[in-house]
Amino acid sequence: MTTLAATGVLHASWLLLAFPVFGTAVLLLGGRRTDKWGHLLGCAMSLASFAYGVIAFFTLLGYPAADRSRDLHMFSWIPVDGFQANIGILLDPLSISFVLLITGVGSLIHIYSIGYMAHDTERRRFFAYLNLFIAAMLLLVLSDNYLGLYAGWEGVGLASYLLIGFWQHRPSAAVAAKKAFIANRVGDAGLSLAIMLMFAEFGTFNFGPVFHQMLSGSTSGGTGITTAIGLLLLLGACGKSAQVPLQAWLLDAMEGPTPVSALIHAATMVTAGVYLIVRSNPIFNVSPDAQLAVAIVGAVTLLVGAIIGCAKDDIKKSLAGSTMSQIGYMTLGAGLGPAGYVFAIAHLLVHGFFKAGLFLGAGSVMHGMNDDVNMRRYGGLARFLPVTFVTFGLGYLAIIGIPPFSGFWTKDGIIEAAWDKGGTTGYILAACAIVGAGITAFYMSRMMFMTWFGRRRWEGEEAPEGAPEGKAYHPHESPAVMTWPMVLLAIGSVGAGAFLMLGQRFMNFLKPVTGAPATPHGVWSEPGIIALVLVVAGLGIAWFMYGRVPVPSIAPRGSFLTAAARKDLYGDAFNESVLMRPGQWLTRLSVYFDSRGIDGLVNGLAAFVGGSSGRLRRIQTGYARSYALSMLLGAVLLVAGLLVVRL
């Protein structure tokens, strides 16, 4: 695909960034003066970006497929001899797909937040941070070079830190924000090293020249450099998209307000790693080892996240495990090369609908249950929150992949692409994805049965044991400003998958950027049927364990695997043992070497000079006869020495 200059309507594509940046600036600099209308401005700026994104999308559709890559140079960021860093906007099928997701779903989350944060005295600041998040994510996906992408990448990290720790008066929220920030710094180190390596090797970090030189094989280090760059990019993706081994921060990120969870998990932060890999597809296409590593990380993570989701009683943390697993599917698809890129991005887009809907539904349940997140204190809520129940249920059907809902079309595409890869590796990857589909059906059905059906475990004038603030529960439906965004997301959960995949519509749209599968996939296939059987089996097991019998209000002890899943499969312990403890030991060793080695040498030399001078000072008596006697003794010793030599 040839990249042309942005003209006409697309020449104003800088507005995509300008709207949320303006909202952030006004709300932060305006202070308390904007409290009454700040939330409305935040929503308006996000909606304005979405409106322009729709215009830009239809403008791109008006061009021939080969001309749908348009670049807008904005300004020279770092103009130095031999090092030119520009800020430019790249509009192509891949970036515009993310723009519509970020601004569309992001705007619905903004609107939902009006009701959810209605009684928070810092609501204006919350909307400023939401606008900052949207702006940073748009910079990430719209930049035409890796350095601009990195600026957006770090902006997303900052915004996530501010939003996860928004209620910083809670120690758990402050700790979760710091954990997310530090874990992402590990991944960011990988991305920054990859960019440095690109510049050292190619003299540029612009997408076009880097990809051209990579595909032409003009690397001085051969495949080693290519593989190194690919693996470093994967490390960056693991941090941002919460993939193994940097996944542990995602579960703690639930300490932020629920709209933050929806924004991070559906439309912005965790999708950044998948975007990075797919955008860098020319690098991974010429590095089979790095590409295989991407697929393995995705397969492992989809199983790890699914297993964790099975044991969580916290509704938000169970959904967080689900996000980890679904991003694992996308990463697996991205690791399958041209056969999987389209399905990875398609699943990312439909996931934005049903996962945002599920998180907002969870927030609606919390809104009616005194902010309680423990599903063991729910039950029988379907008749009290009917709109939330229906929208949540449609998202549930989409995520487990029941036809014809969205997840069926995209997740099965990834499974089929892995199956088509063939060989031992392909079948193992496909088996992981198929098993993951069955586990997904189990933990999501468990969530449905525990929350919406069965006996009411919250009834009575007295609050249930462990209830927040000891208040009795009076479940009620959320206001319209919260339910309407859920309704719109539920519509996407139902129809987005079929809209994208039937007739190869999205495949043809994205083909100029990613390539296309060698053979189009049909609606039904052998691995898809196996996966659907396991989905039905997972649903049946969940009904047998949680729908058929009353759910105990206190969690049973469970098996070893259950205990491990409740502790996030010891992800924190692993990171502490592999990353944190060795770092502490190295720090202590460096301190010991510095204090005993460097300081010891310097201080020892000073002590030697001082001690020697003190001893030598004692022979300086000031008496002439003492000096004469010393001279005499010296002369006698010298003469004696000469006589001994002559003899």
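Each residue in the stretch 94-113 was checked for being over 19 Å from residue 358 (Cα atoms) and small (Gly, Ala, Ser), and 2 of them qualify. Restricting the first member to the stretch 60-88 and to residues that are surrounded by fewer than 10 Cβ atoms within 10 Å (Cβ to Cβ), and the second to residues that are hydrophobic (A, V, I, L, M, F, W, C), the beta-carbon pairs closer than 9 Å and six or more apart or on different chains are 75/87. Looking at the stretch 220-334, the helices (runs of 4 or more DSSP H) lying wholly inside it that each contain 1 or more residues that are of a type in the set (Gly, Ala, Ser) and under 24 Å from residue 450 (Cβ atoms) sit at 258-262, 288-311, 315-334. Summed over the stretch 376-415, the residues that are assigned to a helix (DSSP H, G or I) and either surrounded by 24 or more Cβ atoms within 10 Å (Cβ to Cβ) or modelled with pLDDT of 95 or more (or both) give a count of 25.
Within the stretch 152-192, the set of residues being aliphatic (A, V, I, L, M) and surrounded by fewer than 18 Cβ atoms within 10 Å (Cβ to Cβ) comprises 158, 174, 175, 182, 186, 189. Scanning the stretch 7-49 for residues that are open to solvent by less than 10 Å² (accessible area, probe 1.4 Å) and part of a loop (DSSP other than H, G, I, E, B) returns a single hit, 13. Could you list, in sequence order, all residues of the stretch 498-540 that are polar (S, T, N, Q) and either surrounded by fewer than 16 Cβ atoms within 10 Å (Cβ to Cβ) or at pLDDT 85 or above (or both)? Listed by number, the residues that qualify are 504, 508, 514, 519. Among the residues of the stretch 254-262, is any open to solvent by less than 10 Å² (accessible area, probe 1.4 Å), within 12 Å of the chain's Cα centre (by Cα) and in contact (Cβ under 8 Å) with a residue 24 or more places away in the chain? Scanning the stretch 254-262, I find at least one residue that is open to solvent by less than 10 Å² (accessible area, probe 1.4 Å), within 12 Å of the chain's Cα centre (by Cα) and in contact (Cβ under 8 Å) with a residue 24 or more places away in the chain, so the answer is yes. Per this entry, residue 299 is not counted among residues that are open to solvent by less than 10 Å² (accessible area, probe 1.4 Å), out of contact with any Ser or Thr (no Cβ under 8 Å at 6 or more places or on another chain) and at pLDDT below 95.
Tell me which residues, restricted to the stretch 564-594, are open to solvent by 50 Å² or more (accessible area, probe 1.4 Å) and either over 24 Å from residue 186 (Cβ atoms) or touching a residue at least 12 places away in the same chain (Cβ under 8 Å) (or both). Residues satisfying the conditions are 566, 569, 572, 574, 578, 579, 592, 593, 594. Quick check, is residue 442 out of contact with any His (no Cβ under 6 Å at 6 or more places or on another chain) and modelled with pLDDT under 95? Here the answer is no, as residue 442 does not meet what is asked.
Looking at residue 184, is it touching a strand residue (DSSP E or B) at 6+ places or on another chain (Cβ under 7 Å) and polar (S, T, N, Q)? Spelling it out, it is not the case that residue 184 is touching a strand residue (DSSP E or B) at 6+ places or on another chain (Cβ under 7 Å) and polar (S, T, N, Q).
Could you list, in sequence order, the residues of the stretch 285-307 that are β-branched (Val, Ile, Thr) and more than 17 Å from the chain's Cα centre (by Cα)?
Listed by number, the residues that qualify are 286, 296, 307.
For the stretch 361-375, the set of residues classified as more than 16 Å from residue 447 (Cβ to Cβ), within 28 Å of the chain's Cα centre (by Cα) and part of a loop (DSSP other than H, G, I, E, B) consists of 371 only. Looking at the stretch 132-150, can you tell me whether even one residue there is open to solvent by 10 Å² or more (accessible area, probe 1.4 Å), modelled with pLDDT of 95 or more and either basic (Lys, Arg) or over 30 Å from residue 209 (Cβ atoms) (or both)? Yes, there is a match, as at least one residue in the stretch 132-150 is open to solvent by 10 Å² or more (accessible area, probe 1.4 Å), modelled with pLDDT of 95 or more and either basic (Lys, Arg) or over 30 Å from residue 209 (Cβ atoms) (or both).
The values are calculated or read from the model by the stated rules, or taken from the named source; none is laboratory data. Model, not experiment: these values are computed from the prediction. Note that we place each Cβ from the backbone using ideal geometry, even for glycine, and neighbour counts take in every protein chain shown. The area values use the complete protein model at the heavy-atom level, side chains included, leaving out ligands, DNA and RNA. Shrake-Rupley method; radii C 1.70, N 1.55, O 1.52, S 1.80 Å.
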